[in-house]
Amino acid sequence: METPRVHKNTDRLADTGRDRDTIEVVPNGIDVDQIRNAPLPDEGDSFDVLFAGRLIADKNVSVLLDAFDRVADDYDDVTLGVVGDGPEADRLERQADSLDHADRVSLLGFLDEYEDVLGQMRAADVFASPSTREGFGITYAEAMAADCTVIGVQHPESAASEVIGDAGYLAEPTVDSVAESLARALGGETPPTEPTKRAERYDWDSVADQAEKAYERAIDGRW
């Protein structure tokens, strides 16, 4: 199995003076079985498109809101749910209320139970997070395990492209580009690699194997 490497983090460590060939990044892990078996929300309490994360400026939820509003005309009854809390919450609530399709957007706040977030992912068709700052981006891995079509963005400060690979869509952090990716996903287009297959490389069993091999190489001096 190919060992996933978050190359941007490797580059940062190399900048501190370490030999790049002696640096190996082992990704965060997820419990794929837990995600796939998380209880679904009650009927009527789920969404077609989902965001989950801290509501801070770098997450660019405002871009997602405008992009969703742009494509909602073409997809009857499509809905967007935003899970999370943070300093941007009040501003985003006002923005959501001003959208042409405000009645299709729900800001759910922070969900106390992790499995409730996973259930929302399982129920959604699309997971979209146009964040421009992700050291890893574990929600992308979780959403892929939940069989969502995942949308992230390309940015020098985000590892989204390395986590998602070709199992989702990578937009630019603009309303036009995110709207285009939403339209592709909502229109039924599927990425080349199945999201659930990609997610398996981040399962804890796989991550533990990667960590064990990295430690063995370090101990044996086989870098």
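Assign one of three labels to region 24-102, namely rounded, prolate or oblate, based on the Cα gyration tensor with a ≥ b ≥ c the square roots of its eigenvalues; rounded applies when a/c is under 1.5, prolate when it is not and a/b is larger than b/c, and oblate otherwise.
Oblate, since a/c reaches 1.5 and b/c is not below a/b.
Label points 7 Å out from Cα along the Cβ direction at A57 and E194: separation in nm?
According to this spin-label approximation, the distance is 4.2 nm.
Tabulate in residue order the Karplus-calculated ³J(HN,Hα) for region 135-145, using 6.51 cos²θ - 1.76 cosθ + 1.60 with θ = phi - 60°, rounded to whole Hz; enter x for Gly and Pro.
Per-residue couplings from phi come out as x, 9, x, 5, 5, 5, 5, 4, 5, 5, 5 Hz.
Which of rounded, prolate or oblate describes region 136-207 when judged by the alpha-carbon gyration tensor and an a/c cut-off of 1.5?
oblate
Restricting to DSSP H runs of at least four residues, report the calculated mean residue ellipticity at 222 nm for the chain, -39500 (n - 2.57) per run over all residues, nearest 500 deg cm²/dmol.
About -12000 deg cm²/dmol.
Can you tell which of L64, L40, L182 shows the greatest fluctuation in a Gaussian network model of the chain with Cα springs below 10 Å?
L40
Can you work out the Karplus-derived ³J(HN,Hα) for every residue in region 59-70? Use 6.51 cos²θ - 1.76 cosθ + 1.60 with θ = phi - 60°, whole Hz, and x for glycine or proline.
Those phi angles translate into 6, 6, 5, 4, 5, 4, 4, 5, 5, 4, 4, 5 Hz.
Please go through region 96-187 and write out the chymotrypsin sites (Phe, Trp or Tyr not before Pro) that DSSP classes as loop and that have at most 14 other C-beta atoms within 10 Å.
The qualifying sites are F110.
Given [x] 32, 19, 15; [y] 26, 21, 17; [z] 29, 22, 19 as candidate values of semi-axes √(5λ) of the Cα gyration tensor in Å, which corresponds to the one derived from the coordinates?
Of the listed options [x] 32, 19, 15; [y] 26, 21, 17; [z] 29, 22, 19, [x] comes from this structure.
As a test, work out the antiparallel percent of DSSP beta bridges whose residues both lie in the chain, rounded to the nearest 5.
If I count the DSSP bridges inside the chain, around 0 percent turn out antiparallel.
Through the Karplus equation 6.51 cos²θ - 1.76 cosθ + 1.60, θ set to phi - 60°, convert the phi angles of region 40-46 into ³J(HN,Hα) values in whole Hz; use x for Gly and Pro.
Each residue's phi maps through the Karplus curve to give 6, x, 4, 4, x, 10, 10 Hz.
Remind me, relative contact order of region 23-87 in percent, using alpha carbon pairs under 8 angstrom and six or more residues apart?
Reported as a whole number, the value is 44 percent.
Would you mind checking which residues have amide H under 5 Å from S158's amide H? H placed 1.01 Å from N; only 5 or more apart, or other chain.
For S158, the qualifying residues are E134.
Check V153: other-chain or 5+ apart residues with amide H under 5 Å from its amide H, H built from backbone geometry?
Those qualifying (amide H under 5 Å, at least 5 residues apart or on another chain) are S131, A171.
Using a Gaussian network model of the chain with C-alpha springs under 10 Å, which one of E43, E194, E115 is most mobile by mean-square fluctuation?
Of E43, E194, E115, the Gaussian network model singles out E43 as fluctuating most.
Enumerate by residue number the trypsin sites (Lys or Arg not before Pro) in region 144-223 meeting two conditions: DSSP loop (anything except H, G, I, E, B), and at most 16 other Cβ atoms within 10 Å of the site's Cβ.
Of the trypsin sites (Lys or Arg not before Pro), the ones in loops of region 144-223 whose Cβ has at most 16 other Cβ atoms within 10 Å are R222.
Using a basic spin-label model with each label point 7 Å from the Cα along Cα→Cβ, how many nm lie between L111 and E93?
Rounded to a tenth, the inter-label distance reads 2.0 nm.
If a/c stays under 1.5 just call it rounded; otherwise compare a/b with b/c (prolate if a/b is bigger, oblate if not). Do that for region 67-114, with a ≥ b ≥ c from the square roots of the Cα gyration tensor eigenvalues.
Verdict is oblate for region 67-114.
Quick one: compute the contact order of the chain, relative version, from alpha carbon pairs under 8 angstrom and 6+ residues apart, as a percent.
Relative contact order comes out at 24 percent.
Find how much the distance from A183 to A214 grows on full extension, using 0.36 nm per residue of separation minus their present alpha carbon separation; answer in nm with one decimal.
That works out to 7.1 nm of additional length.
So which GluC sites (Glu not before Pro) in region 150-223 pass both tests, a DSSP loop state and at most 16 other Cβ atoms within 10 Å of the Cβ?
Passing both the DSSP loop test and the Cβ count: E157, E189.
Report, by chain and number, residues whose modeled amide H sits under 5 Å from the one on D203, excluding near sequence neighbours (fewer than 5 apart, same chain).
Placed amide hydrogens put I30 under 5 Å from D203.
Each value in this text was obtained by applying a stated rule to the coordinates, not by laboratory testing. Quick caveat, the model's predicted, so the values are computed rather than measured. Glycine gets a Cβ as well: all are built from the backbone with ideal geometry, and neighbour counts include every protein chain shown.
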